1. How big a patch of accessible area, both sides summed and in Å² to the nearest 100, lies buried between B and A at a 1.4 Å probe?
2. Relative to the Cα centre, what is the charge dipole magnitude of the protein assembly as shown, using +1 at the beta carbon of each Lys and Arg, -1 at the beta carbon of each Asp and Glu, and rounding to the nearest 20 debye?
3. Could you tell me the center-to-center distance, by alpha carbons, between the range B:81-127 and the range B:136-191 in angstrom?
4. Rounded to the nearest 0.05, what FRET efficiency do A:THR146 and B:ALA52 give with R0 = 51 Å and r taken as the Cβ-Cβ distance? Could you check?
5. Which one of B:PHE438, B:GLY310, B:VAL397 is farthest out on the positive end of the charge dipole of the range B:282-438, using unit charges on Cβ (Lys, Arg +1; Asp, Glu -1) and the Cα centre as origin?
6. Expressed as a rounded percentage, what relative contact order does the range B:242-390 have, with Cα pairs under 8 Å and six or more residues apart?
7. So how far apart, in nm, are the two label points at B:GLU252 and B:LYS279 if each is 7 Å from Cα heading toward Cβ?
8. When the accessible area of each residue in the range B:402-426 is compared between its chain alone and the complete protein assembly (1.4 Å probe; ligands, DNA and RNA ignored), which residues differ by at least 30 Å², being lower in the assembly?
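The values are calculated or read from the model by the stated rules, or taken from the named source; none is laboratory data. Only a predicted model underlies this, so the values are computations on that prediction, with no experimental measurement involved. So basically every Cβ, Gly included, is an ideal-geometry build from the backbone, and we count neighbours across all protein chains shown. Surface areas here come from the heavy atoms of the whole protein model, side chains and all, with no ligands, DNA or RNA. Shrake-Rupley method; radii C 1.70, N 1.55, O 1.52, S 1.80 Å.
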Amino acid sequence: MPKTIRGPVFVVDDNIDTDQIIPAEYLTLVPSNPEEYEKLGSYALIGLPDRYGKFVEPGQTKTKYPIVIAGENFGCGSSREHAPIALGASGVEAVVAQSYARIFFRNCAATGELYPWECETRIYPEFNTGDIATIDFDQNLLINETTGKTYPLRPLGEIRPVIEAGGLFAYARQTGMIPNRA
Amino acid sequence: MGMTLTEKILARASGRSHVVPGENIWVNADLLMTHDVCGPGTIGVFKREFGADAKVWDPEKVVLIPDHYIFTSDARANRNLDILREFAKEQGIKYFYDITDLTNFKANPDYKGVCHIALAQEGHTRPGEVLFGTDSHTCNAGAFGEFATGIGNTDAAFVMGTGKLLLKVPATMRFTFVGEMPPYLLAKDLILQVIGDIGVAGATYRALEIDGETITAMTMEERMTLCNMAIEAGGKNGIIPPDETTFAYVRERTDKPFDPLYPDKDASYYCHKIYDVSKLEPLVAKPHSPDNRATVREVEGTPIDRVYIGSCTGGKTEDFIHAAQLLKGQKVKVPTYLVPATQKVYDDLFTQKIDGMTLAEIFTAAGCIEPAAPSCAACLGGPKDTFGRMNQAEVCVSTTNRNFPGRMGSKEAQIYLASPFTAAASAITGKITDPREFF
Ligand code: SF4
């Protein structure tokens, strides 16, 4: 089975920083605690200006958008791992952005929470929240099924196996970098 | 081919004679710092992955600094402090700067305050070393000629257990400052200049090496302001080659030996920009991005609702001295919040004097709000009862480092980032004001 992710997209623009992904007042939630992990998901992207609409409906813990489409420098700002975790916990499987802030990108791989795909061009103006899209992992393609347009993606490269394994620790064990747990 | 300072440190820390940008290497850490916001999560991952009885790789190399959410009644924030406390005890962590009496921070001799400044003041920042911290402004310590960068909880848990981390060697962008600093300019203006030029993503995946005669003449605290905001350009780290000023500061605070490194003359840089500081002007970053630069003159007269002087960027002793130089004999027109970064800075407010008056006396006479207990406070918004938090759609001139929507609380608030001089000048007039008015 070729690997794909398909579903409605949520569209944001450039420089979405970690305070918009998960505002500081929710940072007392500890992501490694399963109950608080769920809660973090329910607050994902709650710091966005209201014009974007609701990413997670009030009273829900999950979003209906498995894919986020963004512009440049997604995830800039703080090093908080709460950011990719909140997105992952809310049900996001992939972000497609023009570029990422370094620590956010790294945290996506370390936690294995979601795939940070990069696209070559400025695509977010060509998407509307709610459009149905498919990410094709083998062809490195993003398809907007609502408009019928197709966009090439940069190959994930060395982080794909890390995220597939479930993050840094799982990958390090799989590849023998650290010993398996007894 | 020679190496940049970042490359040299990473080569040594990975046991190699040479590294080039783009290489993935295992780097040995000299220190791991974490705080109350990311510490509990890091500890959680550490235990999940290494086992409930696991031991940290070196209890003298893990530094725990509660600083973010301290003076709050928020139950979870207090629970998080308990998690750090228990972990410190169980692991025999040597450097844990605890606070137990929240009603009076002065009753806690161990409590320091904002982690990046506490690290420096306690002698944990040393030339040539590798520092990882679960906070993006860990790059602050690059001022000491070390490689210092922010990482997430999972990476930090990995370092906690193994003492190493897989890193990609960043390419280095070089920024050279020449000329004598005009009296009305501060390091904050220089770094806002750089961020405005290259943008908030201008240094993504790269190191910023900062040097030049202007930097050589700078104090350590001003150098920290420069490296602190490397992350606001997206940088992996900021770094300044160490010199006698660096060594004097470090030796005064620690007996630990260190082995400085310097960039090679024939190092290869991604780019090299040279600034003549005599041509630069006081700057602000307008809402809502640190690269949204304007000269103060361009926005002069914009009415403001408050001024905030604090954080790891703008809440050090010298930042308060600079503000006090302008506030002396003046009255502020808007509420002016003062948040010393650390307990040491707080104490300095009551001992350091200008013309016979302590800084605290100058601030009181000017009508500022009484200095708060040292912590991150409203720099990152925080729980609703946080001191100085922006709870409404107000306009603030702040010496902090970020002004994205909602950073200091309300999404509707507007934050202008500025130097302590510009912040003080604006407090006096109640409008954004060029500090040259007071020189
Ligand atoms: S003072 Fe602000 S920027 Fe510095 S560590 Fe605290 S929250 Fe972060």
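1. On the way: alone 16180 and 9020 Å², together 21420 Å².
Between B and A, the summed buried area is about 3800 Å².
2. Numbers: 61 positive and 78 negative charges, 114 e Å.
Dipole size: approximately 540 debye.
3. Going from one Cα centre to the other spans 22 Å.
4. E(calc), rounded to 0.05, equals 0.55.
5. B:VAL397
6. 18
7. Label at B:GLU252, label at B:LYS279, 3.5 nm between them.
8. Residues meeting the cut-off: B:ARG402, B:PHE404, B:PRO405, B:ARG407, B:LYS411.
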